[in-house]
Amino acid sequence: MALSVSLVILLFLLSVSEVISECPSSSGIYLIHNGNCYPNGSYFPDNTIRSVPIECVLPGATLNGGQWIGPNGVVPCNGGNNSNVQCTVGSVASLSVHINPPSYLGPPGDGWYKCCLPTDCLDPNTNIIFANIFSFAQIESFTVADLPSDMTVYPQEYKLTCTKIGFYHYGISMSIDSTALANYTECYDHSNSCSGTVLVSNANTVRYTVDITWDGMTVSSGSISQSTTGDQMYQRVVAVTDQPNRTRSVTIKVPATAPSSLTEVNKTATTITVSWTALDSSDADGYVVNVTSDTDTVQTVQVEGSSNNTITLTGLRGGTTYSITVRAYQQLLGPASTISVQTLPVINSINWILVSSITQLNNTQYRIDCLTTTDINPSTDVYWLVNGVMKSNSMYTSIDVLTYNNTLLVCPDPLGVSVNVTCIAMIGGINYNQSLILHAPSGPPINVRGFILNATSIKANWTNSSETNGYVIEYTTGDVTRNVVSTSEDEIVLTDLSPMSTYTISVYSYIDLPSVNSTVTVLRFDVPSPVTSLSVSNVSTTGITVNWTIPSSDNYVTYYTISYTPSCPQLSSVNETVSVAPHQSTTTYSYTLVGLYNGMNYTITVRASNVLGGSDSSLVEEYIISTGLLLLEYLIHCLYYNQLIISLGMRSIVLSVMVSSQAIQ
């Protein structure tokens, strides 16, 4: 009667052959050979039972038709054999099997035997024990060792162990699919040439171990690797020359498919909830969720049970992108599904808005809005740094269930200094921050000038010295009436001014914040003051240079009127106008009069003027142009000028001149 396939597979997983130190004394079926007891499923080479039988014993029982049954059927007792194996009835409840020399085990009898005591094997209440009788060599066991109990450790490592028993000269290999992970040939147990671990030297029992690494896609041992999906079936083969190969297999359960429909369900600044489609219990024992940021593993969680398909991951960083991988597992991890999820930021944004007009200068208010997650307490977990100075957070409102708006008011103090504002939020012992800078220009406008347009208007212009978005113009009168306007141009017309007033004009540039003010420009909104220090120089027979000191810098002059009146009453005064650019940088001015009469005295006046009028005249002393024939020319041009023209002809004039000239000489 042959053993069933299922029974054989079961026996592959039984204990290795090992000697029991003490045989059961009163109960329990056991095997005894050569004075030693052996457990269920032990292996015996055929040559070891030629001289010493294997005895099957059930202490305390009375034999009532017990049996030995091998792969080729029932072993006859007290006469006959089956594949050269025969049975002997012992005392009390015991049966022995042995092989009579010179015979060896016949091929049909190679394999598993079971002993049934005290009754035959058809009795469901009988006691059964197994033994393997083989010729040459056999694989006593092929098992998986050190399978990971913690599925969060990745990649996974385990061992395959194979114990060979019997013949000393053989080859042994271990493979997955068609790839050999280990292969030894010409092994001699006497010299341990294949570096196995000797367990029982006289039985040539040697253990071979292969280390395996599994990364979810590839099985590797040393430099050899093999891609595989689903259950891993390993095969071990022991080969003896001219004998059938001994083959054993072992299978490791691995999910064949990755969890599908991996989806983000919810997230906050510090948590992410994901779910996936659960696998059937026959395909998974549970799941492993791995969370990484960049290349660093943040956390790995094992979820037991194939139906548990949702998990909330906690302790994450706000505003961080995580790669979330889910694998099903049985004995090992299966393939992965992966999604990328970014947690909500702890600080969503920081912005500013101008609350009051930029024309308020250092009283201008700016509101800073910092949007944070509601996972924090804004009164204790949010604070500010303004140019390095810490400020508490006292103003905040809830925008929605996910967001607080934290607010800070700042003013530019002092002017011309940029303001760096940092919003800091703390959660889980980690500080998050975002900053902004309110920029001020690096310097104020330069070369500020005022130009009087009419009785009530002044135009001011300037040169910008740095980046700017616009300008603020502040102008005040002597009675400290303050006016402030703004423009994006580099000039402005100031209107509705008070005549006869002095205006102080300051110009500020701004980017976000105002600069310091420019050099103050003082403009007297009036006619100019009189010139001073009027003098002459470079006197010639027909010309003279007039010199004067210009009015003070707060006087606005656009032209000078120079009047020169001859001392001869019959000759008219002459006015010459000299236009000048306002805001002269020099303190003195000169102008040369030409075409004058020799020997004539002139009275010269200079008036400073603008569109509002001229200053009072300033007089200088009379100067006489000193050249030869001084008196004669004076008489010709003045005393007799009109009379000679009216009463005499040209001949008489010439004569008179000549006479006059001789008389004088």
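Which residues, counting only those in the stretch 453-509, are among the β-branched types (V, I, T) and within 18 Å of T519 (Cβ to Cβ)?
I458, T463, T468, V472, I473, T476, V484, I492, T502, T504, I505, V507, listed by residue number.
Do any strands (runs of 3 or more DSSP E) lying entirely in the stretch 233-297 carry at least 3 residues that are more than 26 Å from I427 (Cα to Cα), and which ones are they?
The strands (runs of 3 or more DSSP E) meeting that bar are 246-252, 286-293.
Mind checking which residues of the stretch 571-617 are more than 15 Å from V536 (Cβ to Cβ) and β-branched (V, I, T)?
If the condition is that a residue be more than 15 Å from V536 (Cβ to Cβ) and β-branched (V, I, T), then V574, T577, V578, V580, T586, T587, V611 are the ones that fit.
Yes/no matrix, rows are residues, columns are (1) surrounded by fewer than 19 Cβ atoms within 10 Å (Cβ to Cβ); (2) in the same structural domain as G166 (by TED's automatic domain parsing); (3) in contact with a strand residue (DSSP E or B) (Cβ under 7 Å, 6 or more places away or on another chain):
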{"position": "D46", "(1), (2), (3)": "no, no, yes"}
{"position": "S51", "(1), (2), (3)": "yes, no, no"}
{"position": "G70", "(1), (2), (3)": "no, no, yes"}
{"position": "V75", "(1), (2), (3)": "no, no, yes"}
{"position": "V89", "(1), (2), (3)": "yes, no, yes"}
{"position": "V97", "(1), (2), (3)": "no, no, yes"}
{"position": "P102", "(1), (2), (3)": "yes, no, no"}
{"position": "P107", "(1), (2), (3)": "yes, no, no"}
{"position": "D110", "(1), (2), (3)": "no, no, yes"}
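Any residue in the stretch 139-160 that is of a type in the set (A, V, I, L, M, F, W, C) and closer than 17 Å to I54 by Cα? Give the derivation first.
Of the stretch 139-160, the ones of a type in the set (A, V, I, L, M, F, W, C) are 139, 142, 144-145, 147, 151, 153, 160.
Those left that are additionally closer than 17 Å to I54 by Cα: none.
No, every residue in the stretch 139-160 fails to be of a type in the set (A, V, I, L, M, F, W, C) and closer than 17 Å to I54 by Cα.
Rundown of residues vs (1) assigned to a strand (DSSP E or B); (2) surrounded by 14 or more Cβ atoms within 10 Å (Cβ to Cβ); (3) touching a residue at least 60 places away in the same chain (Cβ under 8 Å), yes/no style:
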position: L436; (1), (2), (3): yes, yes, yes
position: A440; (1), (2), (3): no, yes, yes
position: G443; (1), (2), (3): no, yes, yes
position: F451; (1), (2), (3): yes, yes, yes
position: S465; (1), (2), (3): no, yes, no
position: V472; (1), (2), (3): yes, yes, yes
position: D496; (1), (2), (3): no, no, no
position: P499; (1), (2), (3): no, no, yes
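Could you look through the stretch 146-174, keep only residues that are among the hydrophobic types (A, V, I, L, M, F, W, C) and more than 43 Å from the chain's Cα centre (by Cα), and pick out the one that is nearest to L117 (Cα to Cα)?
Restricting to residues being among the hydrophobic types (A, V, I, L, M, F, W, C) and more than 43 Å from the chain's Cα centre (by Cα), the top hit is I165.
Looking only at the stretch 175-207, how many residues end up being within 57 Å of the chain's Cα centre (by Cα), buried (at least 16 other Cβ atoms within 10 Å of the Cβ) and on the phi > 0 side of the Ramachandran plot?
Qualifying residue count for the region: 0.
Pick out the one residue from L344, L332 that is at pLDDT below 95, of a type in the set (A, V, I, L, M, F, W, C) and over 15 Å from W276 (Cβ atoms).
Answer to the selection: L344.
Please note which strands (runs of 3 or more DSSP E) are completely contained in the stretch 86-185 and include at least 1 residues that are basic (K, R).
The qualifying strands (runs of 3 or more DSSP E) are 111-117, 156-166.
For L523, only one of the following conditions fails: (1) crowded, with 17+ Cβ neighbours inside 10 Å; (2) more than 30 Å from N547 (Cα to Cα); (3) aliphatic (A, V, I, L, M); (4) touching an Asp or Glu at 6+ places or on another chain (Cβ under 9 Å). What is its number?
(2)
From the list I368, I353, which residue is touching a Lys or Arg at 6+ places or on another chain (Cβ under 6 Å), at pLDDT 95 or above and closer than 30 Å to V485 by Cβ?
I353
Checking the conditions here, which among N547, N517, N555 is closer than 27 Å to T587 by Cβ, in contact with a helix residue (DSSP H, G or I) (Cβ under 9 Å, 6 or more places away or on another chain) and crowded, with 16+ Cβ neighbours inside 10 Å?
Within the list N547, N517, N555, the selection yields N517.
Which condition breaks for R327 when tested against (1) within 28 Å of D146 (Cβ to Cβ); (2) buried (at least 17 other Cβ atoms within 10 Å of the Cβ); (3) among the charged types (D, E, K, R); (4) at pLDDT below 95?
(4)
Any idea how many residues of the stretch 417-434 are more than 19 Å from Y508 (Cα to Cα), touching a strand residue (DSSP E or B) at 6+ places or on another chain (Cβ under 6 Å) and outside any strand (DSSP E or B)?
Looking only at the stretch 417-434, we keep the residues that are more than 19 Å from Y508 (Cα to Cα), and these are 420-434.
Those still in the list that are touching a strand residue (DSSP E or B) at 6+ places or on another chain (Cβ under 6 Å) too: 420-425, 431-434.
Narrowing the set further to residues that are outside any strand (DSSP E or B) leaves none.
Number of matching residues: 0.
If you take the residues of the stretch 208-248 that are under 25 Å from P259 (Cα atoms) and in contact with a Gly (Cβ under 9 Å, 6 or more places away or on another chain), which of them is surrounded by the most Cβ atoms within 10 Å (Cβ to Cβ)?
Looking at residues that are under 25 Å from P259 (Cα atoms) and in contact with a Gly (Cβ under 9 Å, 6 or more places away or on another chain), I get G216.
Anything in the stretch 161-174 that is buried (at least 23 other Cβ atoms within 10 Å of the Cβ) and either over 20 Å from V200 (Cβ atoms) or among the charged types (D, E, K, R) (or both)? List them, or say none.
Those that are buried (at least 23 other Cβ atoms within 10 Å of the Cβ) and either over 20 Å from V200 (Cβ atoms) or among the charged types (D, E, K, R) (or both): K164, M174.
Does at least one position in the stretch 192-209 carry a residue that is within 10 Å of L181 (Cβ to Cβ) and among the aliphatic types (A, V, I, L, M)? Walk me through it before giving the result.
Step one: filter the stretch 192-209 for residues within 10 Å of L181 (Cβ to Cβ), giving none.
Within the stretch 192-209, none of the residues are within 10 Å of L181 (Cβ to Cβ) and among the aliphatic types (A, V, I, L, M).
Tell me whether the stretch 460-479 contains one or more residues that are of a type in the set (A, V, I, L, M, F, W, C) and more than 30 Å from G614 (Cα to Cα).
Checked the stretch 460-479: at least one residue is of a type in the set (A, V, I, L, M, F, W, C) and more than 30 Å from G614 (Cα to Cα).
Could you check, for the stretch 553-561, whether at least one of its residues is within 30 Å of K459 (Cβ to Cβ), assigned to a loop (DSSP other than H, G, I, E, B) and modelled with pLDDT of 85 or more? Can you show your working first?
If we filter the stretch 553-561 for residues that are within 30 Å of K459 (Cβ to Cβ), which is where we start, we get 553-561.
With assigned to a loop (DSSP other than H, G, I, E, B) added as a condition, the list becomes 553-558.
So of that shortlist, the ones also modelled with pLDDT of 85 or more come out as 557-558.
Yes, the stretch 553-561 contains at least one residue that is within 30 Å of K459 (Cβ to Cβ), assigned to a loop (DSSP other than H, G, I, E, B) and modelled with pLDDT of 85 or more.
Suppose the filter is free of Cβ contacts under 8 Å to residues at least 40 places away in the same chain and surrounded by 15 or more Cβ atoms within 10 Å (Cβ to Cβ); does T374 pass it?
Against the criterion (free of Cβ contacts under 8 Å to residues at least 40 places away in the same chain and surrounded by 15 or more Cβ atoms within 10 Å (Cβ to Cβ)), T374 qualifies.
Taking the condition of being more than 17 Å from Q330 (Cβ to Cβ) and either without any contact (Cβ under 8 Å) to a residue 60 or more places away in the chain or in contact with a Leu (Cβ under 6 Å, 6 or more places away or on another chain) (or both), how many residues in the stretch 245-260 meet it?
1
If a residue has to be out of contact with any Asp or Glu (no Cβ under 7 Å at 6 or more places or on another chain) and in a loop (DSSP other than H, G, I, E, B) to count, how many in the stretch 31-70 make the cut?
Residues in the stretch 31-70 being out of contact with any Asp or Glu (no Cβ under 7 Å at 6 or more places or on another chain) and in a loop (DSSP other than H, G, I, E, B): 15 in total.
Kindly list, by first and then second residue, each pair from a residue in the stretch 163-187 that is free of Cβ contacts under 8 Å to residues at least 40 places away in the same chain to a residue that is among the small types (G, A, S) and part of a strand (DSSP E or B), limited to pairs with Cβ atoms under 6 Å and residues at least 6 apart or on different chains.
N183/S173; T185/G171
The values are calculated or read from the model by the stated rules, or taken from the named source; none is laboratory data. Computed from a predicted structure; not experimentally measured. Counting neighbours? That spans all protein chains shown, and the Cβs are built from the backbone with ideal geometry, glycine included.
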